[in-house]
Structures are given as C-alpha cells and as structure tokens.
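Notes for the one structure printed next.
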Amino acid sequence: MDRFDRQEELVSYAGLDPMVHQSGDMEVHGSISKEGSAPLRWALVQCAHVSVRYDDYLGNFYTRLKQRKNKQIAIVATARKMLVSIFYMLKRQEPYDPPEVSA
C-alpha cells in the first residue's frame with residue numbers, strides 16, 4: 001500500500017475509476033476505465049458478490065444502488081467501495097469496522 005498515496009491512485013490502478021469526457025465547460029462521467037489490472041478488478045468484483053450477501057453494510061449499499069442502477073453497475077460500485085475500505089484498513093493498520101446499519 002506504500003505504493004499509493006491516495007485512494008484515487010489505487011482505484012485507478014484497479015481500473016475502477018470512471019472515464020471522464022470533457023469539452024469546454026461540459027463534463028460527462030462514463031463507465032469504468034478498465035485501464036488497470038484486470039485480475040485485480042475481477043477478484044474485487046467476485047469478492048463484492050460474496051460480501052453483499054454476508055456483510056450488512058455493503059449489502060445495503062448494493063441494494064440501494066441496484067434500485068437506481070442495474071445490478072452490474074451496483075456490484076462494480078460495491079467493489080470500488082470495498083477497495084477503498086481495504087486501502088484505508090491497510091494504511092491505518094486497523095480492522096474492518098463498518099458503520100452500524102439501521103433497520
């Protein structure tokens with residue numbers, strides 16, 4: 001993790017960052033760039049599929065997104081959220097402790 005100073009660098013390395021198309025004042029965010037490590041991206045998405053079933057915090061995040069977006073977009077966003085959590089856990093050397101989920 002010492003290789004990355006910011007979470008954005010790691011997300012970009014994994015190819016989970018959105019593509020941005022700019023022209024003048026107009027800015028459009030598109031799909032993920034897929035410019036990074038394909039095996040890492042694949043592993044994160046597979047882990048996200050499992051975590052949405054067993055982790056209440058990530059499961060609720062996925063469910064909320066799935067109501068507005070399609071399930072593929074929601075699972076990739078969950079994988080990105082998981083990657084950012086892993087980044088900070090390793091940087092700060094702390095255990096996984098998600099916020100409490102309200103019912």
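A short reminder: the numbers here are calculations on the coordinates, not readings from a lab. Keep in mind it's a predicted model, so treat the numbers as computed, not measured. Note that we place each Cβ from the backbone using ideal geometry, even for glycine, and neighbour counts take in every protein chain shown.
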Query - Label-to-label distance, nm, for residues given as residue 40 and residue 60 (7 Å Cα→Cβ offset) - result: 3.0 nm
Requested in this report: Within segment 18-58, which residues have the backbone N less than 13 Å from the label spot 7 Å out from residue 71 along Cα→beta-carbon, could you tell me?
Outcome: 49-50, 52-53
Requested in this report: Multiply the residue gap between residue 12 and residue 91 by 0.36 nm, knock off their C-alpha separation, and tell me the result in nm, one decimal place.
Outcome: 26.7 nm
Requested in this report: Tell me, rounded to the nearest percent, the portion of alpha carbon pairs in segment 60-103 spaced more than 12 Å apart.
Outcome: 65 percent
Query raised in the report: Seen from all sides and averaged, what is the projected area of the convex hull of the Cα atoms in the chain, in nm²?
Result: 8.0 nm²
